[in-house]
Structures are given as C-alpha cells and as structure tokens.
Amino acid sequence: MNGAAPVRILADGRLAAGNRLGGIAGLWARVAWSDATAIDEGALGRWLAEVDPNVASELALTPAPGPADAVAAFARVAAALMASGRSLAIVIDRETTPAGRSALVIVEEGRAVAPERVMAAAADLLAAAVAGLPAAGFRDRVADCGAPPIKAFLRYAYTLIPARLAARGAAARPALGQRGSLVGEGVGARLFLFTMGRGTGALGAAIAARKDACAALLSRFGLPVPRQLPVADADAAEAAAGAIGYPVVVKPADRSGGAGVAAGLAHAAEVRQAFARAAAVSRRIVVEEMLRGEDHRLTVIGGRMVAAALRVPPEVVGDGRRSVRALIDAVNADPQRGGSRSMLLPLVCDGETDRLLAAAGLTFASVPPAGMRVRLHSAANLTMGARPVDVTASVHPDNRAAAVHAAAIMGLDLAGIDFISPDIGRSWREIGGGICEVNREPGLLVHQVAEGGPDMAEACARHILAPAPLVPIVAVLGGGDADAAAQAIAAAMAESGLAVGLAAGRHLVAAGLRLSDPGPGDPLRVTRLVAHPAVEAVVAAVPPAAVVARGFGHGRADVALVAEPGAPDLAAATRIMAAIGAEVVDGSSPLDADLVRRIAARRPPS
Amino acid sequence: MEIVATQSHAAGNRFHRSPVTVVRLAAAAADADPAAAHGRLAPLLGGPAPGDPGSLFAATAAALAAAAGDPLAGTRIVAAGEVVLVHGATAIAAAAATRAGVLLAAALAGPLPAGTIAAAVTGLRRTLPSPTDRALLRAGTARGLSPRPGPAGSGSHFGEGVRMRRTLGTVGERTPFVSFETARSRLLVARLLAAHGVPVLRLSLATSPAAAGAAVARLGGRAIIRKVTPDDGGMPVPVSTPADVAAAFGAVGERAAIVAEPPPGPPWRFLVAGGRSVAALRMDPGRAPVDATAAAHADSHLLAERAALVVASDVAAVDLVAQDMGRPAGESGARVADVRLGPALDPFLAAVAAPEALADRVLAALLDGAGEGRIPIVAVAGAGAPAVAAALAETWRGEGRRVGTAGRAGLAVAGLVLFDDDRRGRRGLPLLVDHPLADAAVVEVDADDLWRHGLGHPRIDVAVIDGAVAGPVADLLAALADIAVVAGPGAPPLPSAVHAIAAADAAGAAAAAHAAVGPR
C-alpha cells in the first residue's frame, strides 16, 4: 500500500499471554496514521460485507475503543478478522513525540490460521475499502490469515467452550491445529478437541464411529435399537427392507453428520435410490428399521443426562397466502439465522426437498393452506435449518436411563444419544422407540439454540476441567539476581516434594527433563513449563522488559518476586503481573522461607 | 481316534472355573496301537506313552495348545473316552481338540508325512488372538480378573461391572481418543512434542515428490522419508539425490509423506506403561531387537516417559535416537523419533528376561486403578431364589448400590429393566459382569442349566441355596463361591470344608448373604 494509506504498520508482532490486555495472548502493531482519510463506517461495513459477510458482521459488533479514527478502525478490522463470535479486547496508545506521532495497537489474539498475517491484512483491507478497490480481490487475504476453513456457525460453536473456560479463569491455548486446545497447568494440563477431552476414550470413540457395531453392542445389553442389516448392493438393500418391513432408513455405517442418510423410505424404488446415494459416500451401508416417533437428542455428561432436545425437521407452516418459496424466504429473513454469531442456520433446500414436496403434491410455487406443515427434509439436522425444542425436564426416567446406560456401555463420558420416541415423556418399554445413534462428539448447538435449554458449553467446560488443579506459578523479576533467586526457590520447593519446572539462566528444566530452550526472555519458556504434564510448580526468572515487550507466557501467576528493584520496565512488568493475579513480593532481601512454604502449600491435589 | 461329540461349558462349570470343552471319543479300534502313535508324535509329546487313548488324546491336545502359544489350564479324564480340556488364556480348547483328533487319527493310521505336526500347530495358532492379547489375557488370569473377549470390536474385558476395564490390544478404556488421533500422525506428534519443548527429530510433511525434495534440501541434503502414520517399523535409509527422494516418496505409496532429518543411529524402542519406562530395546536393522533396558541412561528413560505423558497415553512405544543412549541427556543428544499408542508387545516380550512381569505391568497401566476388579456377586438357587434375590437387591439398593439383577423375570441394572425374558444363570450373569454401571450383582440360577452348561462366569462371592437342590449342584455352587454358602430350608448337606451359614427363610438368607459380602 502507498503512503496515502489510512494506517501504516511500522512494526508488529505477537504477545504471549500475560500482557497489557491481561491473561490473554495478543497481537501488537506500532502504526503511523493519517487524519486526512476520514473513515466512513457505513461504507467500510458494506465493502467488507462484499469480501466476507462474517467479518463485516463481526466489525459491526466490535465497539470502537476511544475515538473512532483510522487507528480504531484498523484495530477493529484486525479484531473482526479473528473474532468468530466474540468481541476481542483492544488497547490503543496514541502518542506524539518530536519525531512524529504513532500508536501502539494491541488486539487480543482470537482464532486465526496465521495470526502473524492479521495486522498486515487489516491495514490493507482498510486501505482498500477507503480507496474503493474491488472487494473480490481481497477474499483470499481474509481466508489467508483469518478464519479457519469451517462453516461460520461451527466456528462460533468452537468458540463457546473456550469462552466458558476463560470465564472460569482457565484460558485454553491452541494446540493440534484449530480445533484442539490445551487447558490447565502442569499435572492438570489436558488436551481437548472441541468437546472431546480425557473422558472420551479411544475404544468408545472407535465403536461410535461404526453405527453397525454400536447398534450390536447396545442391543446385546437389551437397550432399544432399531433392527439393522448390512447390505452390499441395491438388490440386497431392497431385500433387507422387505425383511425388516417398510418404512426403513438407509445409511452408511461409518459416516457422521447425516451424510448419505435417508429416512422414511416407503417402497423399493426409494430404497434403491437411497442405496445409491449412501454408496456414494461409503462402502458400508445398512438398512435399518424406521423407529416411529420424533427425533430427540439426549446428551450425557459424566454419567448424567444433562440435556434433551426435540429436533423438529426443517419445515414451514402454510398461511394460505404465501407460496412455499415465500414462506422459506420469510423464515430465512430472520436475523437469528446466519451471521457470524448466530447459532441457527437458514433453511436449505435440496433434492430431498423436491421429493418431499412432490410427495405432498406441492411445488415451491404452491400456496399451502393455513396451518399446513410442509416438511423440507426428513432428518432434523441443524445444518439444514432445523430448530430444536428443549425437553430436558420431561424425559421419562427409563429413557434417561437408556441414554446413560448407552454412554457407559460405549465407554464415553460425554455422548450425544439420538433417541426416537413418539412421546419422550413415556417409557420406551411402554410405547417403543429407541436409540438410533450414539455420537462421540455431540454438537452443543442443538441444546444451546433450543429455547430454555441448558448452557451445554458451560457443562462441557466444567467437564473438561474437572479435576484440573492449578499449579503454583512464581515469576522472579530481574536479571542475573533473579536467576539465583529462582534457583533457590526451585530448590526449596523441590525439597518439599514438588516436581518443579524451572527457567533461570541457561536452565529450562521440567521435573528433571531438560527442554528445548528458546532462550532467556522468551515467553515460550514459561508456556512450556506450564504446559508440561509432569510439573507441579513453576518458577521462572524473567527480565521485566521482556514481560512488557513479549508477554509473560501464561495468563496467570501466583507470585511475582521482585529480585532486582532497579531493573528496566519493572513498574510496567509488575502492573502486568498483578493484573494476572500475582501477589507482588519484595525479593531483594534473602530468601524468605515462609514465602516458599506459602507457595508450596498451593500444590495441586494429587 | 474319532471324536464322537464335543460339548462346551461356560465358565464356572462342574469341571473347572474356566470354560472347558468336553470331548467324547469313540472306542479305539482293535488294531490301533497307541504306543506307535505316541512314537510318531514324539516331536510334540515328551515322556512315556500314556496307557490309554483318552490320556494320549489329552496329552496331544495340551501339547498342541502349548506349542501354539496358549497352554491349556488343565486336562482331565472323567470317564473312559471322556476328556475335559480346560481353556488357557483364550478359548483354545475346542480348536485344540479338533486338531488333536485329526492328528491322532493320522498318527494311528501310519507314519506322519513331514511337516504334519508343524502345520497343525500353525493352524491352531492362527485361531488365536495376537501374542500381545494372549500375554495380557494371561496376566489378567493371574490377577484373577476373569479376562474374556468382549463383543465384536470392543476388545477384551477384565474384571466386573463398574470395576471392569476394557482394552483393545494395549489401548486402554481410558486412553483418550484425542491422544489416539494425535498419535496416528507423526506430524501431529512431532508438533505437539516440539511445542512442549521435548526434543524431536525435525520433520515436515510433503505432499509431492518435488515438495519432498525441497524438504530434503532444507534439512541439509539428506533425510529419511517415511509414512505419516507410525505403523511401519524401523528407520528407513537416508536419501539425498532427487531420484532417491522420488523413489522413497513413491515407496510410501500415499498422498503425503514425512521428511525427517536423518537420525544419528538406529532407534531404541522404549515401552512406557503407566508413566514408567519399563523396557528398552535396541532396534539394529537386520537383527532381532535386544533388551537394552539397563544400558539406556536414566535420562533416556525419562525422555521416553515424558514423550508418552505429553501425548497422554497409558501405554506407548517411544522410539528415541541418540549419539549414545547410555549417556546423560546433555551429552547423548537423545531425541524422540516416534510415539506409538497401543503398541504390539511382541518384540519386548521376545527380548526381555521376564515377559510375564512385563505383560503384568502393561496390564496394570491399562487397568488404571481398577484394583482387584471385582464387584460382589451372589448366586441364588432353589425354589426360594426369586424371593431371596429380590430381598437382597432391595437391601443393596437401599445402600445406594447400582444393583444388577438377573432372574426368571428378566434382567435389570441400576433400576432400568433391560430384558423381561428368562435371564437366569449364564443367560444373565455375563451381561451383569460386562455392564459398566453394575456395582453389585445377584443372579438366580437354574440348577439343571448350571449343571449342564455352567454359570457363565468363573466365580461368585456367595451362593444361596433356598429350597431343594441336588447335592452335586450344591457342591458346584459351593466350589464357585469365594466367601460362603448360605443354606436355607431344604438345602442339601454341604462338604465340611465349605463356609456354610444357615438361614431360616428367604429374608434371613438375603440378610446372611448381605452380611457375608460385607458393607459397600
């Protein structure tokens, strides 16, 4: 971009957790800016909407920090590029010196594939919007730096649990790519992928991926599952359907998310077509008895059914005036459907919709009579626009128990049970129904969007964390003096029986194991010690200037010991440490045995 | 030697606590010569020739099972021509009987063609689970955990009810799926370890021969090229020329391959179980792995342990490379080359001096604190059985237990009725001990079915006999009970060695059983 750009980046970089924003990681940029360019909010939003509606939607929801000038717009665009459902924290320091003026912009690091590209992309997008360049040329820039390549509403779902964890004081750090996260400290550190933490065992998850094995296992224990027959070709599928009795379901045994599933098949031709569609996505196809009733999702966490939702297949209700097409458009006009922070998706029509309409004697142009329910799909998938209803309080104890038993038999601590029942308030033993699928990685949204449904993200966060002890973390602020003090504290803590992680001088050692060392002053040292699963206490000597410039390396600390009162940037560093919870202690005098005892007393429960 | 009939008995039968196969043999032909047959089977059978055909058959079946790698737990001649073969760690007895019959018939008929015995052993071995599974099942048997195969696809089961643990090879029930998924990719494992500061071989992912060539150049012109999943064996030979790189990429045969820096030497493979490095092997190419547990420096063991811990696996094989694995970390330059979750134990079992102890440590890691793996089990026989079972279940429920009940009226666990048909004995008890929510079990027993087919589980804590039951059946129940037999009205006299408790009625019998099991 040329010199007329609204902001020009002079330098930028990343900030580890434990910085001026608090316990969260951030991106910083020092920028020069020009007042010559007025920022037209409306025009910026419209232009961004052409590039990526989700980014525009996030921008509109991100408040301006202080005066709404070019710097603020730049910071907000950067935040919008990474936000995916939550407004990110922003700090801006404008300063004027004899050399000119500049601003330090710090933006909380959100979800981004390449965070290091975000600041440059934000500056270029802002300049392009002001210059009115064609939006199409900038779509790659957004994809390149920002959003992970998943559907926007799932992107939002992925932010829900980390947000709940952060609210509980346990910031999740990215690991294993975009979906994986690490949460907790030392011996309490744990990996999780979306909802799958330690309680999702490999054996249970493997069985859950095979619908045929899963049904056989549950049926062995007397749980209600539909009859199922594996089929190799369309002829076999037709024969199986005849043996089971119409209507039937045809589905792949090893796919998820409703791929290749067709339900309510009433005759041979439909079964043969359904087989062909299922065979396009898998080689393991089963024909299954169609359980009669409504589709429910019962979610089990830690041996308890914590939520139940009735999943209503996507439908519109006639009003005697509007066509099917107009009714669909009206539902989709609801701002709750779609958008960067929406949990409901628009109604989608496909070949199945055409078939269902035809079967009902309708077309998209037909005007259904008032009160007529027009089904657009047979399955109640959120991705097709389904909207569930919370029924947690009305589930019959037998149905609840069946869900709990199924999860236990599968070996899954957290499971989503798809339960078909004509009336979820009555027992399956009395009126039939049963379990048609067990999901190892249940979506949260089905309960989250159901009116009155429980906060599943909160329940999952609690489950992932429990029990996740925090380990004592001691920062020793200073130069060479800090190294000696840190070593003395670590030695005293080790003597009290703690497995200590120590960063001091040339040492980076986690409970006896020497780690690869990025070097003194690098926040990665603290990050690595805190993430190490054998560590019960962390002691790190850190230069105050490094804390200010690059961040502490973790979002929490118990004690900040000042070992060198005259160190540069000490005041700013102690402010940061205090803001992330550290008790600031004068450590210039000889080592205080009582302090070590107090720190060691914070040891995690074993 | 002709087998007229075979019958299988479930665990807890009148011959043994383990499942057995009973074989009835036809009377030997007049001209059959057991001594000659014994001689022809000499490579398989040691010792003097047995005097009778039944004993010869039993010895042949036992020798075949042992040679195949799963010795029988015992053999018995119960009548002329009637042989009981007791399962070893796996359900081998029936297959061993069939093959023994064929082999003996051939040996009685004349000289055996070369390779006949070896073929019988190999054939039998093919019917068995893997050496890893056999070693774990044996360790489970030694721990009294009544190991058994689970339903298809769900591995082996050790222990009972809430104290049961399931395993698939060396993947435990508590092995997180996240770890399992991570470990399927060398790239993910290396990234995870590197992010933790654990030293690893530098590597990258290449999706074309050209990209692989570029990656090799970045690594200084020499590199190894291997699969993304760590299911291949040792270290490939380093490549450097474009032709070699292209050939190595092609040999991987997948859309992507790992390009890693060449290791300083052949890898050492560390077995980590329950957080401890329990064995180490030198994996020199072209040679059988050698036990190097003592030769590896403590720092190398520590590195292996931490690599497994970071990936969060119960049991892992960690390949390390170093200049010298026997030196401290600062000098050895030891780095992680591979982490495999759920590794096969074969190379370790073959190399170490005490394979049983090693298998037991691995099993202990997989059991994850499940302890003795037992829940209280009470079996009730006689006309009063339903009343006693109901009273005991009620008492247990009052204590907050999640009781599993199986009887003529059906089967229920933790208050949920799962079956409403006849689930007495072997039709119900195996489901109760396999049900992960049941923390106590009471099962009604049909005396006739117990006598003819077994109980379906090798042990119970207390037997209650309330009503007329045949003496031998009462003796069998007493033999299966680890704690006591409660004898209600009508119970036959019991052997004097049995800890017997008298009860006046159903309520008294239930109370006595409850007291004998003890508090929760």
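The values are calculated or read from the model by the stated rules, or taken from the named source; none is laboratory data. Keep in mind it's a predicted model, so treat the numbers as computed, not measured. Cβ placement follows ideal geometry from the backbone for every residue including glycine, while neighbour counts extend to all protein chains displayed.
Can you pull out every residue in the range A:278-312 that is in a strand (DSSP E or B) and either without any contact (Cβ under 8 Å) to a residue 60 or more places away in the chain or out of contact with any His (no Cβ under 9 Å at 6 or more places or on another chain) (or both)?
Within the range A:278-312, A:I285, A:V286, A:V287, A:E288, A:E289, A:E294, A:D295, A:H296, A:L298, A:V300, A:R304, A:M305 qualify.
For every residue, the table says whether it meets (1) among the hydrophobic types (A, V, I, L, M, F, W, C); (2) crowded, with 24+ Cβ neighbours inside 10 Å; (3) not in a helix (DSSP H, G or I).
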residue	(1), (2), (3)
B:P430	no, no, no
B:V433	yes, yes, no
B:V462	yes, yes, yes
B:A468	yes, no, yes
B:A478	yes, no, no
B:V486	yes, yes, yes
B:P489	no, no, yes
B:A497	yes, no, yes
B:A507	yes, no, no
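Report whether or not A:A380 is in a loop (DSSP other than H, G, I, E, B), surrounded by fewer than 21 Cβ atoms within 10 Å (Cβ to Cβ), in contact (Cβ under 8 Å) with a residue 24 or more places away in the chain and more than 14 Å from chain B (Cβ to nearest Cβ).
In short, no.
Does the range A:323-346 contain any residue that is of a type in the set (S, T, Y), outside any loop (DSSP other than H, G, I, E, B), at pLDDT 90 or above and not assigned by TED's automatic domain parsing to the domain that holds A:F192?
Among the residues of the range A:323-346, not one is of a type in the set (S, T, Y), outside any loop (DSSP other than H, G, I, E, B), at pLDDT 90 or above and not assigned by TED's automatic domain parsing to the domain that holds A:F192, which makes the answer no.
Do the conditions hold for A:E50, that is, is it surrounded by fewer than 23 Cβ atoms within 10 Å (Cβ to Cβ), of a type in the set (D, E) and not in a loop (DSSP other than H, G, I, E, B)?
Against the criterion (surrounded by fewer than 23 Cβ atoms within 10 Å (Cβ to Cβ), of a type in the set (D, E) and not in a loop (DSSP other than H, G, I, E, B)), A:E50 qualifies.
Can you work out which of the residues in the range B:339-376 that are of a type outside the set (A, V, I, L, M, F, W, C) and touching a Pro at 6+ places or on another chain (Cβ under 8 Å) is nearest to B:A280 (Cα to Cα)?
Within the range B:339-376, the match that is nearest to B:A280 (Cα to Cα) is B:P347.
I need the full set of residues from the range B:157-181 which are facing chain A (nearest Cβ under 10 Å), of a type in the set (S, T, N, Q) and not in a strand (DSSP E or B), in order please.
B:T175, B:S179
Kindly state which strands (runs of 3 or more DSSP E) lie completely within the range B:1-112 and contain at least 3 residues that are surrounded by fewer than 16 Cβ atoms within 10 Å (Cβ to Cβ).
Result: B:3-9, B:74-79.
Determine the pairs where a residue that is closer than 19 Å to A:L470 by Cβ, located within the range A:570-588, has a partner that is of a type in the set (K, R) with Cβ atoms under 6 Å apart, the partner being 6 or more residues away or on another chain.
A:I580/A:R556; A:G581/A:R556
Residue by residue through the range B:182-221, note down the ones that are out of contact with any Ser or Thr (no Cβ under 6 Å at 6 or more places or on another chain), away from every other protein chain (no Cβ under 12 Å) and not in a helix (DSSP H, G or I).
The answer is B:L201, B:L203, B:S204, B:L205, B:A206, B:T207, B:S208, B:L219, B:G220.
Which of the helices (runs of 4 or more DSSP H) contained wholly in the range B:294-355 include at least 3 residues that are on the phi < 0 side of the Ramachandran plot, surrounded by 18 or more Cβ atoms within 10 Å (Cβ to Cβ) and among the aliphatic types (A, V, I, L, M)?
B:298-311
Go over the candidates A:G434, A:G411, A:G416 one by one and state the one that is under 25 Å from the mean Cα position of the chain (by Cα) and within 14 Å of chain B (Cβ to nearest Cβ).
So the residue among A:G434, A:G411, A:G416 that is under 25 Å from the mean Cα position of the chain (by Cα) and within 14 Å of chain B (Cβ to nearest Cβ) is A:G411.
Taking the range B:398-413 only, how many residues are free of Cβ contacts under 8 Å to residues at least 60 places away in the same chain and either surrounded by fewer than 19 Cβ atoms within 10 Å (Cβ to Cβ) or more than 12 Å from chain A (Cβ to nearest Cβ) (or both)?
Final tally of qualifying residues: 7.
Just checking, does the range B:191-202 include any residue being out of contact with any Pro (no Cβ under 6 Å at 6 or more places or on another chain), of a type in the set (D, E, K, R), closer than 18 Å to B:P236 by Cβ and modelled with pLDDT under 95?
Yes: one or more hits.
Restricting the search to the range A:196-219, which residues are basic (K, R) and crowded, with 18+ Cβ neighbours inside 10 Å?
Across the range A:196-219, the qualifying residues are A:R198, A:K211.
Scan the range B:502-514 residue by residue and report those that are touching a strand residue (DSSP E or B) at 6+ places or on another chain (Cβ under 8 Å) and without any contact (Cβ under 8 Å) to a residue 60 or more places away in the chain.
Within the range B:502-514, B:A502, B:A503, B:A512 meet the criteria.
Here is a list: B:R426, B:R374. Which entry is away from chain A (no Cβ under 14 Å) and assigned to a loop (DSSP other than H, G, I, E, B)?
Going through B:R426, B:R374 in turn, the sole match is B:R374.
Among the residues of the range B:97-121, which ones are in contact with a Phe, Trp or Tyr (Cβ under 8 Å, 6 or more places away or on another chain) and farther than 25 Å from B:G74 by Cβ?
none
Being more than 14 Å from chain A (Cβ to nearest Cβ) and within 34 Å of the chain's Cα centre (by Cα) narrows it down to one of B:R255, B:R269, so name that one.
Result of the check over B:R255, B:R269: B:R269.
Restricting attention to the range A:61-70, does a residue exist that is under 20 Å from the mean Cα position of the chain (by Cα), touching a residue at least 12 places away in the same chain (Cβ under 8 Å) and within 26 Å of A:A172 (Cα to Cα)?
Looking through the range A:61-70, at least one residue is under 20 Å from the mean Cα position of the chain (by Cα), touching a residue at least 12 places away in the same chain (Cβ under 8 Å) and within 26 Å of A:A172 (Cα to Cα).
Go through A:A402, A:A406 for me and flag whichever is facing chain B (nearest Cβ under 10 Å), modelled with pLDDT of 95 or more and crowded, with 20+ Cβ neighbours inside 10 Å.
Unique residue meeting the criteria: A:A402.
Check every one of the strands (runs of 3 or more DSSP E) wholly within the range A:184-277 and list those with 2 or more residues that are over 24 Å from the mean Cα position of the chain (by Cα) and away from chain B (no Cβ under 11 Å).
Here the list reads A:228-231, A:248-252, A:262-265.
So, in the range A:313-331, how many residues would count as being within 31 Å of the chain's Cα centre (by Cα), surrounded by fewer than 18 Cβ atoms within 10 Å (Cβ to Cβ) and touching a residue at least 24 places away in the same chain (Cβ under 8 Å)?
0
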